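*Asks:* One structure, pasted below without further comment.
The values are calculated or read from the model by the stated rules, or taken from the named source; none is laboratory data. In this text the structure is predicted, and so the values were computed from the model without any measurement. Virtual Cβ from ideal backbone geometry, glycine too; neighbours counted across all protein chains shown. Ligands, DNA and RNA are excluded from the accessible area calculation, which covers all protein heavy atoms including side chains. Shrake-Rupley method; radii C 1.70, N 1.55, O 1.52, S 1.80 Å.
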Amino acid sequence: GQQLNQSPQSMFIQEGEDVSMNCTSSSIFNTWLWYKQDPGEGPVLLIALYKAGELTSNGRLTAQFGITRKDSFLNISASIPSDVGIYFCAGHLGNAGNNRKLIWGLGTSLAVNP
Amino acid sequence: DTGVSQNPRHKITKRGQNVTFRCDPISEHNRLYWYRQTLGQGPEFLTYFQNEAQLEKSRLLSDRFSAERPKGSFSTLEIQRTEQGDSAMYLCASSLRRETFFGQGTRLTVV
């Protein structure tokens, strides 16, 4: 099935560092969503983006909807140990119509060294 | 209402047995989704309901899989004659607008 290109695949950083990850696609999206998933749990919604150019923050997290509508990035500032987990980008295709099924990246695995 | 609820959280079954999972979405959400996730992958779409109508099914959903949402509220996903390849995390999600919220998932292990 269709997937988003998410990078990097994994990151190992020191506590306090900033983190950046991104997703790209060859298709146009009308929604971008960023999720965090802990082992054995379902994805938890972090940030939702609805229009091109939109920049949204949620605490130490900031995400942007790319101008071309084909990409998005997520930044985490001043990382802490509880940021550890897998971060997924997901989105709705521009021609999705009424079915809002999500297209997913493969995830970015984040490890934080205290 | 604290979110999407799934039961059971874990299920171990012998190959060939039938299993059924339940999902209770966020109460006012009219859209309900089932996804399947294997290790190292993002969730894969299985099927979608708007109210009680099942509007789309993925090719991943073989004839052994059936999903229902009889009154437009909770949903069930049944897998008949389970196979080892069915072992995965089964995720339920619901939405009202464009934000989609997930349950904690049901981890199925077929032995």
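*Asks:* Expected output is a single nm value to one decimal: the length gained when fully extending between B:L60 and B:N7, i.e. 0.36 nm times separation in residues minus the C-alpha distance. What is it?
*Replies:* That works out to 16.9 nm of additional length.
*Asks:* Relative to 2.2 N^0.38 Å, what does the C-alpha radius of gyration of the protein assembly as shown come to as a ratio? Two decimals please.
*Replies:* Scaled against compact globular proteins, the figure is 1.02.
*Asks:* Let me ask another. So if we plug the beta-carbon distance of A:D38 and B:T76 into 1/(1 + (r/R0)^6) with R0 = 25 Å, what FRET efficiency do we get, rounded to 0.05?
*Replies:* FRET efficiency, A:D38 to B:T76: 0.45.
*Asks:* Accessible area of B:H29, 1.4 Å probe, to the nearest 10 Å²?
*Replies:* About 20 Å², ignoring ligands and nucleic acids.
*Asks:* Among the listed pairs B:K14/B:K57; A:K36/A:K101; A:K70/A:K101, which are separated by more than 23 Å between their Cα atoms?
*Replies:* Values: B:K14/B:K57 26 Å; A:K36/A:K101 18 Å; A:K70/A:K101 17 Å.
In this structure, B:K14/B:K57 lie more than 23 Å apart at Cα.
*Asks:* On to the next question. P(r) of the stretch A:7-78 in 5 Å steps, Cα pairs, percent per bin?
*Replies:* Reading upward from the zero bin: 3, 16, 24, 24, 20, 9, 3, 0.
*Asks:* OK, next. With a 1.4 Å probe and every protein chain kept in, tell me what percent of the accessible surface of the protein assembly as shown is carbon plus sulfur.
*Replies:* Its accessible area is 47 percent carbon and sulfur atoms.
*Asks:* Over chain B, average the accessible area per residue using a 1.4 Å probe and give it in Å², no decimals.
*Replies:* Working: 5680 Å² over 111 residues.
Per-residue value: 51 Å².
*Asks:* Would you mind working out the magnitude of the charge dipole of the stretch A:9-82 relative to its Cα centre, with +1 at each Lys and Arg C-beta and -1 at each Asp and Glu C-beta, to the nearest 20 Debye? Could the numbers behind the result be given before it?
*Replies:* Numbers: 5 positive and 7 negative charges, 71 e Å.
So the dipole magnitude of the stretch A:9-82 works out to roughly 340 debye.
*Asks:* In Å², nearest 100, what accessible area do chains A and B bury in total when the solvent probe is 1.4 Å?
*Replies:* For A against B, buried area totals roughly 1900 Å².
*Asks:* Heavy-atom accessible area per residue, chain A, 1.4 Å probe: how many Å²?
*Replies:* 45 Å²
*Asks:* Which listed residue (B:L77, A:G105, A:G91) has the Cα farthest towards the positive end of the charge dipole for the protein assembly as shown, taking +1 on Lys and Arg C-beta and -1 on Asp and Glu C-beta about the Cα centre?
*Replies:* Farthest towards the positive pole: B:L77.
*Asks:* Would you look at the GNM of chain A, springs on alpha carbons closer than 10 Å, and say which of A:E54, A:E15, A:E41 moves the most?
*Replies:* A:E41
*Asks:* Once the dipole of the protein assembly as shown is set up with Lys and Arg at +1 and Asp and Glu at -1 on Cβ about the Cα centre, which of A:S20, B:L46, A:Q64 lies farthest towards its positive end?
*Replies:* Most positive-ward Cα: B:L46.
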